[in-house]
Amino acid sequence: MQSESSARSEHSVGHAMLDDDHRKLWLAAQSFRDAALAGNIPHAMSLFERLVTAVQVHFLREELLLAAELAADLEPHRAEHHRLLRQFMLISGDGFRFLRSWPGLAGDLACQLLRQSLDHDLAETDGFPDLEPLPPLPSPGDQLHS
């Protein structure tokens, strides 16, 4: 498993807010993976739900920044976000059947999907101007309110 510092530098897009989001998402994915591998399925389910919510928030924040920076059509980028979210949802579908049956594989899949998302961010962004930052993304242990 990749360390936090190498994940941070490897997935830096040059915008402090997004880089902080990426670090927190990576930590949340690792926490989910660790709980799944430990067989703590109820805790893993809770961590996974928070991870998906944090990914959705991150995608919205990123799209807002890209819309401010780029005049180009963002639909292909949004479509990739929706594709990744559908794949994330495979882990929780049918009452978390996949997670319950193959916890280690579910944990690895979440990390791989997050890596795809971060790699996509790197491919799509080429630095950002100094924009007003949006509020920070909650840490993995913070309560997310709807």
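See the values below:
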{"item": "Unmet criterion (only one of (1) modelled with pLDDT under 90; (2) loosely packed, with under 14 Cβ neighbours inside 10 Å) for S117", "result": "(2)"}
{"item": "Residues located in the stretch 43-80, provided they are among the charged types (D, E, K, R) and in a helix (DSSP H, G or I)", "result": "E49, R50, R61, E62, E63, E69, E75, R78, E80"}
{"item": "Residues of the stretch 56-85 satisfying the condition of being in contact (Cβ under 8 Å) with a residue 40 or more places away in the chain and basic (K, R)", "result": "R61"}
{"item": "Yes/no for F88 being hydrophobic (A, V, I, L, M, F, W, C), touching a residue at least 24 places away in the same chain (Cβ under 8 Å) and closer than 14 Å to L109 by Cβ", "result": "yes"}
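The values are calculated or read from the model by the stated rules, or taken from the named source; none is laboratory data. Note that the structure is predicted; figures quoted are calculated from it, not measured. Backbone-built Cβ (ideal geometry, glycine too); neighbour counts: all protein chains shown.
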